[in-house]
There are 2 protein chains.
Amino acid sequence: MTTNDPIGPTPQLKLDAQLCFALYSTMHGVAKVYRRLLRDLDLTYPQYLVLLVLWEKDEINVSEICQRLQLETTTLTPLLKRLEGRGLIRRTRSAEDERQVIVTLTAEGRALRATAAGIPDCIAAAAALPREDLADLRGRLTRLRDNLAAAG
Amino acid sequence: MTTNDPIGPTPQLKLDAQLCFALYSTMHGVAKVYRRLLRDLDLTYPQYLVLLVLWEKDEINVSEICQRLQLETTTLTPLLKRLEGRGLIRRTRSAEDERQVIVTLTAEGRALRATAAGIPDCIAAAAALPREDLADLRGRLTRLRDNLAAAG
DNA sequence: TGACATTAGATCGTGCACGATATAAATCTC
DNA sequence: GAGATTTATATCGTGCACGATCTAATGTCA
């Protein structure tokens, strides 16, 4: 028989006590809800995030999208190619600086915004918490994220 | 020239206003800190989570780990094979029910617990927030996760 | 007992996510 | 203005994460 606790309690190593696991599993729960909502649009959640960025500001280069989403170019390059393949965006080399790739929404990509307009309300409904609680949670998470970035 | 806002404000579609993006990017920030801490142990964060589960309760089957971590067997099967390849766990078919695979820590897998004992404090330090704030945040996230699961 | 359903894991295919590295264009330095 | 450095993006390899599907073992019930 193996003992389950060979070196003492170490309560911080308990899964349910860990903030990070709460974050991890809650994110998966959110992703699951989004998958259902985005299935109609045939989008993944990261693809949806890229469109959110472009709906706010069109004709930006890849690294600006990277900065906004805190993702590496190695993640975004294939994702953007898929969005281009779907006809939602165009990727063109900048004339002034040939190193940059400018990402532009197509008419279809812009049109998708109207279809997506209802998504935040669906998420809020699934969250089933008062709007101010959600805003408060967002603020706390953002502060944590900034602290981690400063520490790392 | 393309307009940036062809269908009106729709402020809920703003990236920075979205709780879900805060969750998503904060999780990536956390993962980044863990990657640095776990590099010495040659573990990924999901692998570390599996070990947390086993350090709490050894000799459990695959589906129990799935339930604890809220992951699919299709995610865990290859991950467990990698941990087995590293010599940290063993996978054996149950004698009573041949469908089940029982996961057991090896001596090396148990020993790793001592090495990992300092990680939670490192994370707390990087988070740079009072312990009660972190506990509060964990509670709020768990509530949100449960609501989403109930809705989905 | 034999047909059917259920359960536990595994396999396959697709899409993130990132570290290490490559390449080409722009910029800096002398 | 030639060579070194930096910058923007792409390529490659590995590891999650999940939906769809498969297989084998178990359970059910006529």
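The values are calculated or read from the model by the stated rules, or taken from the named source; none is laboratory data. These numbers come from a predicted model, not from an experiment. Reconstructed Cβ throughout: ideal geometry from the backbone, glycine too, with neighbour counts over all protein chains shown.
Per-structure values
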item: Filter result for B:Glu108 (more than 16 Å from A:Leu15 (Cα to Cα), touching a Leu at 6+ places or on another chain (Cβ under 9 Å), modelled with pLDDT of 95 or more and more than 8 Å from chain A (Cβ to nearest Cβ)); result: yes
item: Pair list, Cβ < 6 Å and 6+ apart or interchain, from segment A:72-98 residues that are more than 8 Å from DNA strand C (Cβ to nearest atom) to residues that are acidic (Asp, Glu); result: A:Gly87/A:Glu108; A:Leu88/A:Glu108; A:Arg91/A:Glu84
item: Yes/no for B:Thr74 being over 25 Å from A:Ile123 (Cβ atoms), modelled with pLDDT of 95 or more and loosely packed, with under 15 Cβ neighbours inside 10 Å; result: yes
item: Verdict on A:Asp136 being within 12 Å of another protein chain (Cβ to nearest Cβ), of a type in the set (Asp, Glu) and over 22 Å from B:Leu134 (Cα atoms); result: no
item: Every residue from segment A:129-141 that is surrounded by 14 or more Cβ atoms within 10 Å (Cβ to Cβ) and assigned to a loop (DSSP other than H, G, I, E, B); result: A:Leu129
item: Segment A:34-58, residues that are surrounded by 16 or more Cβ atoms within 10 Å (Cβ to Cβ), assigned to a loop (DSSP other than H, G, I, E, B) and within 8 Å of another protein chain (Cβ to nearest Cβ); result: A:Asp58
